[in-house]
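Structure record follows, encoded as structure tokens.
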Amino acid sequence: MELCIIGSGYVGLVTGACFAEVGHSVICVDNDQRKVDMLQAGKIPIYEPGLEELVMRNVAANRLRFTNSIQEGVDGSQVIFIAVPTPPQPDGSVDMTFIERVAREIASALKPGQYRVVVDKSTVPVKTGERVAATIQRYNKEASFDVVSNPEFLREGCAVPDLMKPDRIVIGCGSERATDLMKRVYEPFMAPILVTDINSAELIKHAANSFLSLKISYINAVSAICEASGADVEMVADGIGMDRRIGRQFLNAGLGYGGSCFPKDVKAFIAIAEEIGVPFGLLKEVERINESQLERFLRKMRDGLWVLKDKKIAVWGLTFKPDTDDVRNSVPIELINRLVNEGASVTAYDPKGMEKAREWNLIPDSVKLSATPLEAIDGAEALVIATEWKDFANQNLNDVRKRMHTPLVFDGRNLFDPQTMKDLGFIYYGVGRAAAK
Ligand code: NAD
């Protein structure tokens, strides 16, 4: 099929490449000329495992191309996916300007008698589909189209496998014709398809991300009780997670959830619920627990180092999770800024996130970025594990200890075993477990 994706970021580009991989002919549109130039020159603007090969292969096979023109995308495609940002506004509600603008642009690009399916893949508040349909109609009275909600559930860091083998595909749609076309789009993926009305599909996405955030906050709240009572949160999580009704995933205590989705989606769901008159207090508690994780971690650092001012602190990890270069709304970045504000001298290393952290001015200029994890810890009075990259777990810990001034480790991701660290001569602080000194 001929498909168009508007917005070629983490969702749009990976979706476009995966659609092309299964044989569709895909045109990816973006209004960021720099991004389009890079993609046309064979450069991938984001890091996602497996993405580069996928893009190259499908560009070479003429199944994937890039443009800055929505008109070109709409002209040649039966189905048009919208994958533009839906960032939070200061009050937590969703900024819909990107979606509204794209809806107007699609309206002006649609030609009379040309039927198109307009699919919203961005994460949007319930009832957005109705708004998109009304907007297209308002700006083009002769347009022939249906609107579909098809939320995306990919995880950054494993977006390609998530898209190629999804747990489920949600198609929110009120038209049989559009539903049939959508089923054809997804047929090659051989995944379970759930067809719903548009409002339910939109709600599924916010409800799913809020539930996952809730699971993280739940184990983080349990981690605080573990710390106060001498229990070990990893053992508790294993014990809970072995119950198939609960599952072990998303039960990792740490610095709290971050990134470009969970914080904004929880905020959005709270705002949506409030707007329609059914306040969702539980989610406010999820947020409160999440924010308190970093505070508790900083208290632990002050406990270990007494005073942070003038301390040389190495931080491993800038990205909000491993296997991505995404540093948007990253808790490690927030942590670094807090440490610098308290007067610490910070050296950091991340396998993929350093370039964007610098380019987007997310960390103070005083933060030194190192070429390797070991270089970052030279002479450090403390090491913080802020992101659980495999690369960090694989370091030779004897070398780590020798290069540090003081063998103090604050592990914000419980990457290491406390007893092993103690045996190796470290003073080790994890999350939700007793310090090993
Ligand atoms: P992104 O910022 O990486 O990409 C969005 C792209 O849209 C950018 O390249 C931007 O230049 C482009 N764009 C903006 N306005 C445009 C316009 N008028 N015309 C053409 N292009 C335009 O964002 P993302 O992370 O891909 O997220 C997109 C949506 O998908 C959001 O609603 C997000 O919540 C949702 N989502 C994200 C993820 C994730 O892990 N990143 C997962 C599931 C859902």
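The values are calculated or read from the model by the stated rules, or taken from the named source; none is laboratory data. Since this is a predicted model, take the numbers as computed values, not measurements. Positions of Cβ are generated from backbone atoms using ideal geometry, with glycine treated the same way; all protein chains shown enter the neighbour counts. Areas reflect the complete protein model, heavy atoms only, side chains present, ligands, DNA and RNA absent. Shrake-Rupley method; radii C 1.70, N 1.55, O 1.52, S 1.80 Å.
Summary table below
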{"quantity": "Cleavage-rule hits (trypsin sites (Lys or Arg not before Pro)) in the stretch 18-48: DSSP loop, at most 13 neighbouring Cβ within 10 angstrom", "calculated": "Lys43"}
{"quantity": "Relative contact order for the stretch 85-134, counting Cα pairs under 8 Å that sit 6 or more residues apart, in percent", "calculated": "38"}
{"quantity": "Lys/Arg +1, Asp/Glu -1 at C-beta; the stretch 2-196 dipole; positive extreme among Pro90, Val117, Asn31", "calculated": "Val117"}
{"quantity": "Solvent-accessible area of Ile270 with every protein chain in place, 1.4 Å probe, in Å² to the nearest 10", "calculated": "10"}
{"quantity": "Along principal axes, Cα extents of the stretch 210-429, largest first, whole Å", "calculated": "56, 40, 31"}
{"quantity": "Which of Asp197, Asp75 is most accessible, then next, and so on - probe 1.4 Å", "calculated": "Asp197, Asp75"}
{"quantity": "Partners for Lys165 among lysines (Cα-Cα distance below 24 Å; same-chain residues under 8 apart left out)", "calculated": "Lys121, Lys183, Lys205, Lys215, Lys321, Lys390"}
{"quantity": "Helix runs (DSSP H) in the chain reaching 27 Å along axis by Cα, Kyte-Doolittle at least -1.0", "calculated": "198-229, 281-305"}
{"quantity": "Solvent-accessible surface (1.4 angstrom probe) belonging to Thr319, in square angstrom, nearest 10", "calculated": "0"}
{"quantity": "Difference of contour (0.36 nm per residue) and Cα-Cα distance, Lys141 to Ser93", "calculated": "14.3 nm"}
{"quantity": "The stretch 285-437 - percent relative contact order, Cα under 8 Å, separation 6 or more", "calculated": "21"}
{"quantity": "Shape call, the stretch 2-196: gyration tensor on alpha carbons, a/c limit 1.5", "calculated": "rounded"}
{"quantity": "Loop-resident sites, the stretch 303-407, for trypsin sites (Lys or Arg not before Pro), counting at most 11 other Cβ within 10 Å (DSSP)", "calculated": "Lys309"}
{"quantity": "Of all accessible heavy-atom area on the chain, the percent that carbon and sulfur account for (1.4 Å)", "calculated": "52"}
{"quantity": "Extension gain from Ile225 to Asn68, taking 0.36 nm per residue of separation minus the Cα-Cα distance", "calculated": "51.3 nm"}
{"quantity": "At most 16 other Cβ within 10 Å, DSSP loop - GluC sites (Glu not before Pro), the stretch 71-151", "calculated": "Glu142"}
{"quantity": "Linear extension gain, Asp423 paired with Asp37, 0.36 nm per residue minus alpha-carbon span", "calculated": "133.7 nm"}
{"quantity": "Sequence-separation-based contact order of the chain, relative, with Cα cut under 8 Å and 6+ spacing, percent", "calculated": "12"}
{"quantity": "Reachable aspartates and glutamates, given that their alpha-carbon falls under 14 Å from the alpha-carbon of Lys312 and they are not under 8 places away in the same chain", "calculated": "Glu342, Glu375, Asp378, Glu381"}
{"quantity": "Accessible area of the chain divided out per residue, in Å², using a probe of 1.4 angstrom", "calculated": "44"}
{"quantity": "Set of lysines near Lys309 by C-alpha distance (under 24 Å), chain-local residues within fewer than 8 positions excluded", "calculated": "Lys300, Lys368, Lys402, Lys437"}
{"quantity": "In Å, descending, principal axis extents of the Cα set of the chain", "calculated": "73, 48, 38"}
{"quantity": "Rounded accessible area of Val160 (nearest 10 Å², 1.4 Å probe)", "calculated": "20"}
